[in-house]
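To keep things clear, I will list the structure first and then write my remarks on it.
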Amino acid sequence: MNAYLLSVMLGIVEGLTEFLPVSSTAHLRIAEAFSGVDLNSGYWKMYSVVIQLGAILSVPLLFRERIAKFLHTFPRGENGNKTIWTHPLSLVMIGFLVTAGPCYLADHYIGKNLERLSVMAVALLVGGIIMALVDYSFTRPKVQRMEDMGVLDAGWIGAVQILSAVFPGTSRSMATIAAGQVFGLSRATALEYSFFLSIPTMLAATGYKFLQTLLHHKSPDEVASYNAPAGQWVVLGIGFVVSFIVALGVNAWFIRWVRDRGFMPFAAYRIVLGIGLLIWIFSGHAPA
């Protein structure tokens, strides 16, 4: 496949799936299997970091008004009843700090051994079942806004988010949203907190991966897949822009959808995709 068309395709996949509770990692792994591109090679590893960054940057733009409000009211809050520990921005950082250390260890010691398509297929299937049960069962939320969350809510969601690092295919957003609903957050609040928590979490993860790529692939021959440096930058730029634009549109739609309809369709999609992947793998036509 032409490198530019491939970049558009992968950018679309990343933008579509990064924040939906369906696992962008699993979808990129599937795209890798179909396209024949080794996303673990030097250049394409760098590419995957760049397109993920494009998707991440859509979130601050989408929530710019909420972010500005939180910054303006920090640390006392809108009604003056918050502290430096209970302000929404503080709760986001608590969730991030609970996640950061274990996620680093999981990526360093465990993650590399679990990035098989079969593992992701099982994670998609099991995660879909859990998500469906949670969305069906927890229908009487106690917390309707991020401003009403507490430290325990943030710590719990951060702890559950670790699952997405330990088991690729689980989906960071699926883990945080389901955890929030179990702890009494409304769908909209769980989703909003998931988006806010994604900013420090994914920026840190992307920065870490970027440094890993630079440190482990120092020579141009190791990093590059094309002869022309200009062509490499164009491919990276295309993926970044496409991922950013698609993620921006998808996230805006996702927020509106969830308020009215919930997460059940995404749970069903995960279950169907997980079963389909397992059938594909056991038929011998896909890498395990």
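Coordinate-derived values only; no laboratory data. Note that the structure is predicted; figures quoted are calculated from it, not measured. FYI the Cβ positions are ideal-geometry reconstructions off the backbone, even for glycines, and counts take in every protein chain you see.
Relative to the longest principal axis of the C-alpha atoms of the chain, give the angle of the C-alpha long axis of helix 64-73, reported between 0 and 90° and rounded to the nearest 10°.
It is inclined by approximately 40 degrees.
Give the label of the value calculated from the structure for Cα extents along the principal axes in Å, choosing from (1) 65, 50, 39; (2) 59, 41, 35; (3) 87, 74, 32.
(2)
In deg cm²/dmol and to the nearest 500, what is the mean residue ellipticity at 222 nm of the chain if only DSSP H runs of at least 4 residues count, each as -39500 (n - 2.57), divided by the residue total?
Details: 13 runs with 209 residues, N = 288.
It lands at -24000 deg cm²/dmol.
Extending each Cα 7 Å along its Cβ direction at residue 255 and residue 204, get the distance between those two points in nm, one decimal.
Going by the 7 Å Cα→Cβ label model, 2.4 nm.
Between helix 42-56 and the chain, what is the angle of the helix's C-alpha long axis to the longest principal axis, kept within 0 to 90° and rounded to the nearest 10?
Long axis of 42-56 versus the principal axis of the chain: about 30 degrees.
Given Cβ point charges of +1 (Lys, Arg) and -1 (Asp, Glu) and nothing else, what value in debye, to the nearest 20, does the dipole of the range 3-282 about its Cα centre take?
Once rounded to the nearest 20, the dipole reads 520 debye.
Where is the GNM fluctuation largest for the chain (alpha-carbon springs, 10 angstrom cutoff): 193, 47, 208?
The residue with the greatest mean-square fluctuation here is 208.
If one computes the Cα centroid of the range 57-75 and of the range 130-156, what distance in Å separates the two points?
Between the Cα centres of the range 57-75 and the range 130-156 lies a distance of 21 Å.
Using only Cα atoms, tell me the angle between helix 264-282 and the longest principal axis of the chain; keep it within 0 to 90° and round to the nearest 10.
The two axes meet at around 30 degrees.
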